[in-house]
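As structure tokens, the structure follows; a few thoughts come after it.
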Amino acid sequence: MSNNRKSNDAPNTASGFQIAMILLGILVTPVLLASSSLGSQLELGNAAMIIAVGSLILTVLAVINISIGEQARLPTYGIVKFSFGKQGAIAINVIMAISLFGWIAVTANMFGHSVHDLLSGFGLSLPVPVLVAIGCVIFVASTAAGFEMLGKVSKMAVPVIVVLMFVVLFVATGADVASTEKLQQLPFGTAVSSVVGTIIVLVATSPDFGSFVHNRKHAMIAGALTFGLAYPVLFFVGAVPSSLTSEGSLLGAMALIGTTLPAAILLIFACITGNAGNMFQGTLAVSTLFTNIAKWKITVALGILATILGSMDIMGWFIPFLLFLGIATPPIAGIYIADFFINRRQGYDESLLEKEAAVKPMTFVAWGIGSLVGFATVNGMFTLTGIPSVDSILVASLGYALLCRTKPPVEVLSK
């Protein structure tokens, strides 16, 4: 791996603020989905406290993970090779690629329906599949040119998104809508888990962006700005309309308030920036599986597949599948975090991969246990911290750390 991104003066590194802008563009879409659901089930005061706790957890994890990416100068899919083995990492990359592509297709579907609803308000009608295809062309164009173009898209769109969110907040709080009483509040642990789980997959794959950041200081700035400041503010703003109306969706809440136009435009911009980022990460993941194919061709292929799948009625059966993948992804982060602190604090030497086992079965055991714990806590069988994704990260980290104590970190294939 070349070190040409190591210097602050290198043209292909980015500041912490630039990385934060890109991350914000990606996370707005899931924030709009999750904040509305959370707001409809909580009073605003309780929601604010829960959002603060969840954001603190995400900030700690993001600062660590982005810093690991900066240290390694490798994407997430290169980093997991060191803990899972050069060949074992392929299975992990397949899971991450499927998860990212799932979000690409879901967001493309949401874009098509949001534009359709917006046009319908003006008496215009276009088939949703056509609008999905138009959206995918925009997503591909925003991504195929690489990281620099992704940064430009976020730089233009994120300020618009922020303004629109505060327009929605102003309209919601200024409307003559009686605040509805919540008959049953979400339990604290479940609510915090929804704040963390909304974006935990992005946090788990955030080394992708850390590999492009100037240095460790900027990595910490990116994590703190994104998840310590912007994420809780945007999550709270998104929760307000639904908290006032008890409607579980932003458009539904704004319809009761009296206008859906700002929310519809907001969703469209959020889909564009979110899916540009999903495409970027999805391309990185798939490129590790098909190393002989140019990345721009992979991006185009993802766009075509997203057009086909996003044009279908996928929301009912696809979201549970993605949530299942969300259980399996956090333990991966737990393992590479433990591997970093135990074995890689001095750096990632890719030449070591040839001396180590191609597949490391005991790492998969730690990952499997972490995933099972996440599944069990999500389904209420038991709980450790009250937050399933954090439970799975802690268990996977501890399991990997114990394995490292019982055998050398370098597993030689054969003598």
Quick one: among LEU131, LEU384, LEU302, which has the greatest mean-square fluctuation in a GNM of the chain with alpha-carbon springs under 10 angstrom? LEU384
Two pseudo-spin positions, 7 Å from Cα along C-beta at LEU261 and at LYS355, lie apart in nanometres by 6.7 nm
Please identify, among VAL63, VAL196, VAL163, the residue showing maximal mean-square fluctuation in a Gaussian network model of the chain using a 10 angstrom Cα cutoff. VAL163
Using a probe of 1.4 angstrom, how much of the accessible area of the chain is carbon and sulfur, in percent? 69 percent
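Given an 8 Å cut-off on Cα distances and at least 6 residues of separation, report the relative contact order of region 87-237 as a percent.
Numbers: 35 pairs, mean separation 23.0, N = 151.
Averaging sequence separation for qualifying contacts and normalising by length gives 15 percent for region 87-237.
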Among the listed pairs LYS155/LYS217; LYS217/LYS355; LYS152/LYS295, give every one whose C-alpha distance is greater than 26 Å. LYS217/LYS355
Loop-exposed chymotrypsin sites (Phe, Trp or Tyr not before Pro) per DSSP, neighbour cap 14 Cβ within 10 angstrom, longest uninterrupted part of the chain: 123-289
Put a dot 7 Å past each Cα toward the Cβ at LYS86 and VAL160; how far apart are the dots in nm? 4.6 nm
Label point distance in nm, GLU148-ALA52, each placed 7 Å from Cα along Cα→Cβ: 4.3 nm
With a 10 Å cut-off between alpha carbons and a GNM built on the chain, which of ALA270, ALA47, ALA401 moves the most? ALA401
Taking the chain and dividing mean pair separation by its residue count, relative contact order in percent (alpha carbons under 8 Å, at least six apart): 32 percent
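Can you list the trypsin sites (Lys or Arg not before Pro) in region 332-372 that are in a DSSP coil and have 10 or fewer other beta carbons within 10 angstrom? Intermediate results must be reported in sequence, preceding the final value.
Details: sites: ARG344, ARG345, LYS355; in loops: ARG344, ARG345, LYS355.
Here the sparse-neighbourhood loop sites are ARG345.
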FRET efficiency for ASP117 and GLU43, using Cβ-Cβ distance with R0 set to 25 Å, rounded to 0.05: 0.30
From the helices alone, meaning DSSP H stretches of at least four residues, give me the mean residue ellipticity at 222 nm for the chain, per-run term -39500 (n - 2.57), in deg cm²/dmol to the nearest 500. -24000 deg cm²/dmol
Quick test of the membrane-span-like rule: which DSSP H helices of the chain reach at least 15 Å along their long axis (C-alpha atoms) with mean Kyte hydropathy at least 0.0? 16-39, 44-72, 88-120, 128-143, 147-174, 231-245, 261-287, 295-310, 315-343, 361-378, 388-406
Can you pull the accessible area of GLU354 for me, 1.4 Å probe, Å² to the nearest 10? 120 Å²
For a label point 7 angstrom out from the Cα of ILE98 toward its Cβ, which stretches of region 265-291 have the backbone nitrogen within less than 19 Å? 279, 281-290
Mean accessible surface per residue for region 92-230, computed with a 1.4 Å probe while every protein chain stays in place, in Å²: 42 Å²
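The values are calculated or read from the model by the stated rules, or taken from the named source; none is laboratory data. Computed from a prediction, not measured in an experiment: that's the story for all the values here. No Cβ is skipped: glycine too gets one built from the backbone with ideal geometry, and neighbour counts run over all protein chains shown. Quick note on the areas: whole protein, heavy atoms, side chains included, nothing else; ligands and nucleic acids left out. Shrake-Rupley method; radii C 1.70, N 1.55, O 1.52, S 1.80 Å.
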